[in-house]
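Input: a single structure, listed below in structure tokens.
The values are calculated or read from the model by the stated rules, or taken from the named source; none is laboratory data. This one's a predicted model, so the numbers in the text were calculated from it and none came from an experiment. Here Cβ is always computed from backbone atoms with ideal geometry, including for glycine, and neighbour counts include all displayed protein chains. Just the protein is used for accessible areas: all its heavy atoms, side chains included, with ligands, DNA and RNA removed. Shrake-Rupley method; radii C 1.70, N 1.55, O 1.52, S 1.80 Å.
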Amino acid sequence: MLKLKDPTLFRTENYINGEWKSTDHDQIEVINPSTGDAIAKVSDGKKADAALAVGFAAKAFRNWSRMPAKERANLLRKWYELILENAEDLGRLMTLEQGKPLAEAIGEIKYGAGFIEFYAEECKRVMGDIIPTIAADRRLMTYKQAIGVVGCITPWNFPNAMITRKAAPALAAGCTVVIKPDPGTPLSALALCELAERAGIPAGVLNVVAGSDSQGIGEVLTQHKDVAKFTFTGSTAVGKILMAQCATTVKKVSLELGGNAPFIVFDDADIDEAVTHCVATKFRNCGQTCVCTNRVYVQNTIAANFTAKLKTAITAMKVADGFEDGAVIGPLINRQAVEKMDTLLADALSKGAAIVIGGERHELGGCFYQPTLLTNITDDMLLANEEIFGPIAAVQTFATEEEVVNKANDTEFGLAAYFFTRDVGRVMRISENLEYGIVCSNSGVFSTEVAPFGGWKQSGIGSEGGKEGIADFYETKFHSMGGINV
Ligand code: NAP
């Protein structure tokens with residue numbers, strides 16, 4: 001199953017200061033969620049390893065930040081090319097440890113690499129200002145300087161792209177990084193380090209400490225005096241804890257947190273298009289993305305037609321091991337995720353939901369769950385209020401535009417929202433009225449390195465991607481130059 005063209009990408013040690021460090025103490029057992037088999041033992045980095053990595057990153061920062069942007073860009077470009085050359089192997093590693101279908105995993109590798117390409121270009125265009133002076137003997141200017149060492153914590157659902165979305169702009173800006181990947185998916189992170197080393201990125205610039213002591217490593221990355229900025233992708237609950245920890249040293253913080261995306265279909269929409277995109281946004285990565293459709297709202301006049309078509313589309317999806325040809329839905333990440341589906345479903349059924357299709361654990365067993373379609377959803381159900389993070393589509397109906405916009409906004413989350421209508425005026429109105437960082441009309445596809453991705457409300461702080469995604473890795477310096485004889 002894991003036939004890598006280049007087996008040396010299978011790294012199991014931590015990567016600190018350009019060296020592979022194996023720990024003689026504990027190891028993390030990495031599990032294939034599809035089979036439940038142990039696939040690797042990875043060195044279980046500790047709090048002390050994180051502190052060591054921060055020390056080396058601080059040392060490396062001096063030279064890396066002073067390197068001309070063009071030279072840093074050339075190294076990043078080389079890293080990008082190596083990732084693309086090895087996309088299939090990296091995809092295989094990801095399917096093995098995360099479970100997503102191979103085609104989807106390779107898609108993530110290419111998407112993730114796009115951030116490295118983009119920021120290698122972008123860092124050459126970050127400018128300061130010359131400000132019109134207020135006195136004849138003074139000159140006023142601002143310039144941008146890399147902020148310093150960046151601590152990063154990333155989740156398991158995008159084991160590659162959530163790393164490159166942070167590391168690429170940070171490194172491009174001249175920062176050095178220490179990354180704690182999720183202990184469930186460390187292989188993808190470590191393979192990225194192997195390729196960075198081959199690209200010539202200097203020792204100490206990129207460090208990965210994979211460890212099961214999330215709290216201990218997290219304390220170092222949020223509280224160490226030599227970490228200037230902290231960036232996290234994960235749940236809102238954990239984001240709040242880490243943000244509070246950052247307050248002790250007043251670090252700059254970026255947070256990419258949870259979502260509760262509405263998917264709204266008006267009666268003038270192209271229903272077939274809406275169904276296709278609903279399936280794509282709901283079931284990608286087995287429903288385990290922060291921007292997955294969570295609440296489907298369909299105008300009541302077309303609800304029966306839409307639901308029937310959605311049922312047909314869901315039935316056509318192949319549930320299988322991610323390495324199997326044609327697999328569309330892989331396993332959930334672990335047993336707790338399966339239990340969460342059971343809980344959400346039982347709660348919804350007890351409050352009046354109806355099962356159109358699915359509604360049970362899949363016959364493949366383990367972490368596989370049937371793609372499920374529910375109707376008669378009401379606002380008091382758990383799955384209308386929290387992230388489902390699994391393959392359950394929950395359909396509600398609505399009567400008016402005002403009603404559905406109010407419902408869509410009635411959540412503490414504000415990451416992504418989707419809507420389908422052919423009315424141009426309504427497209428603009430809804431786009432302006434939805435309280436979300438990302439709105440997507442007549443499509444479910446939006447992720448790209450060239451545009452900002454970030455949440456409003458409790459879905460986060462800051463943006464990744466686009467010109468916004470590099471801004472947070474710089475400090476602005478104002479230089480007031482006096483003593484100029486005129
Ligand atoms: P999570 O429980 O918040 O964990 C995320 C990462 O934080 C994991 O590596 C975890 O390690 C670590 N962690 C947990 N508690 C910690 C602590 N006290 N100190 C330091 N690190 C800690 O989230 P998840 O369930 O893995 O990931 C799914 C969540 O991520 C969803 O809410 C999803 O919406 C969100 N997400 C958001 C975006 C975005 O761009 N907005 C993108 C992807 C995912 P352990 O597993 O070892 O605890």
Requested in this report: Using only Cα atoms, locate the centre of the range 397-442 and the centre of the range 2-19, then give the distance between them in Å, rounded to an integer.
Outcome: 44 Å
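Just to confirm the filter: which trypsin sites (Lys or Arg not before Pro) across the range 203-301 are DSSP coil and have at most 14 other Cβ within 10 angstrom of their Cβ? Please list the in-between numbers first.
Details: sites: 225, 229, 240, 251, 252, 282, 284, 295; in loops: 225, 251.
Qualifying residues, ordered by number: 225.
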Query raised in the report: Taking one equal scatterer on every alpha-carbon of the chain, how large is log10 of I(q)/I(0) by Debye at q = 0.07, 0.10, 0.13 1/Å?
Result: -0.38, -0.76, -1.20
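Carbon and sulfur atoms: what percent of the 1.4 Å accessible area of the range 50-132 do they account for? Don't skip to the answer; put the middle values down first.
Working: 1930 of 3580 Å².
Looking at the range 50-132 in its full context, I get 54 percent from C and S.
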Query raised in the report: Roughly speaking, to the nearest percent, how much of the range 203-300's 1.4 Å accessible area is carbon and sulfur?
Result: 57 percent
Query - In order through the range 92-99: 3J(HN,Hα) via Karplus (6.51 cos²θ - 1.76 cosθ + 1.60), integer Hz, x for Gly, Pro - result: 5, 4, 5, 4, 5, 9, 10, x
Query - Ordering of 357-363, 372-378 by packing [mean C-beta count within 10 Å, highest first] - result: 372-378, 357-363
Requested in this report: Scan the range 71-156 for trypsin sites (Lys or Arg not before Pro) in coil per DSSP, keeping those whose Cβ has at most 15 other Cβ atoms within 10 Å, and list them by number.
Outcome: 138
Query raised in the report: What accessible area per residue comes out for the range 261-448, rounded to a whole number of Å², with a 1.4 Å probe?
Result: 39 Å²
Requested in this report: Count neighbours as other Cβ atoms within 10 Å of each site's Cβ, and list the chymotrypsin sites (Phe, Trp or Tyr not before Pro) in the range 98-138 that are DSSP loop with at most 15 such neighbours.
Outcome: none
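With every protein chain left in place, what is the accessible area per residue of the range 160-199 in square angstrom, probe 1.4 Å? All intermediate terms of the calculation are to be shown ahead of the outcome.
On the way: 360 Å² over 40 residues.
Result: 9 Å² per residue.
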Query - the range 259-355: proportion of alpha-carbon pairs further apart than 20 angstrom, % - result: 46 percent
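Find the Cα radius of gyration of the range 388-486, compare it with 2.2 N^0.38 Å by division, and give the number to two decimals.
Values: Rg = 19.7 Å, N = 99, 2.2 N^0.38 = 12.6 Å.
Against the compact-globule rule of thumb, the ratio is 1.56.
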Query raised in the report: Pairing the Cα long axis of helix 161-173 with the longest principal axis of the chain, what angle in degrees results, from 0 to 90 and rounded to the nearest 10?
Result: 20 degrees
Report task. Let me know the Rg and Dmax you get for the range 305-363 when you use only its Cα atoms, in Å. Result -> 13.4, 39
Requested in this report: Heavy atoms only, probe 1.4 Å: what % of the accessible area of the range 377-486 goes to carbon and sulfur, would you let me know?
Outcome: 52 percent
Query raised in the report: Which three lengths, in whole Å and largest first, does the range 261-448 cover when its Cα atoms are put on their principal axes?
Result: 48, 36, 30
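Counting only heavy atoms of the protein chains, get the accessible area per residue of the range 1-144 (1.4 Å probe) and round it to a whole Å² value. Could the numbers behind the result be given before it?
Numbers: 6990 Å² over 144 residues.
Heavy-atom SASA per residue in the range 1-144 reads 49 Å².
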